[in-house]
Amino acid sequence: MKNRIISSLFYIITGFFIAVGPSEIFKVCNSVNMKGPCQYTKQAELGIGILIIAIGIISFLIKDKKVRLGLGIAQGLNAVLVLAFPLWLTGLCKMKTMACHVKTLPSLIVLSVILLIISVVNGLYLLKEE
């Protein structure tokens, strides 16, 4: 019971920061007239963050350990996806001094690593408990 609550809470909090961070906390570049790649990354991270929150809520509601293990694996894959958008899929601005490189990318890297660590630790715990 404790593991389910703690891991779900970590998933939800991390998902919230991934969803809201690029637009409100560690903002990407502010380009009013044109949309750059960092704007698309911001939109993608919002979607991924909402997905992470939804899986966190489902993980809290489900008691079956095998299902929760599968949800944890999905969260680990989401952690990779969080990094894939700014690094490879949509990218960021070309200038390395822009806000998206200075604030957003390091924050997303840290959040992605946290999410991956939570997923691995939770998965190991669930496997050990069987």
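Coordinate-derived values only; no laboratory data. The model shown is predicted, which means the values in this text are computed figures rather than measured ones.
Applied to segment 104-119, the Karplus parametrisation 6.51 cos²θ - 1.76 cosθ + 1.60 on θ = phi - 60° returns per-residue 3J(HN,Hα) values of 5, 4, x, 5, 5, 5, 4, 5, 5, 5, 4, 4, 5, 5, 4, 5 Hz, with x for Gly and Pro.
Evaluating 6.51 cos²θ - 1.76 cosθ + 1.60 at θ = phi - 60° for every residue in segment 56-66, the Karplus couplings come out as x, 5, 4, 4, 5, 7, 8, 9, 5, 5, 5 Hz, glycine and proline recorded as x.
Rounded to whole Å and sorted largest first, what semi-axes of the equivalent ellipsoid does the C-alpha gyration tensor of the chain yield via the square root of 5 times each eigenvalue?
Semi-axis lengths for the chain are 31, 12, 11 Å.
Is the shape of segment 45-118 best called rounded, prolate or oblate, per the rule: a/c under 1.5 gives rounded, else a/b larger than b/c gives prolate, else oblate, with a ≥ b ≥ c the square roots of the Cα gyration tensor eigenvalues? Taking the square roots of the gyration eigenvalues as a ≥ b ≥ c, segment 45-118 is prolate. Remark: segment 17-30, residue by residue, has Karplus-estimated 3J(HN,Hα) of 5, 5, 6, 8, x, x, 9, 10, 9, 10, 5, 6, 4, 9 Hz, where x stands for each Gly or Pro and the curve is 6.51 cos²θ - 1.76 cosθ + 1.60 at θ = phi - 60°.
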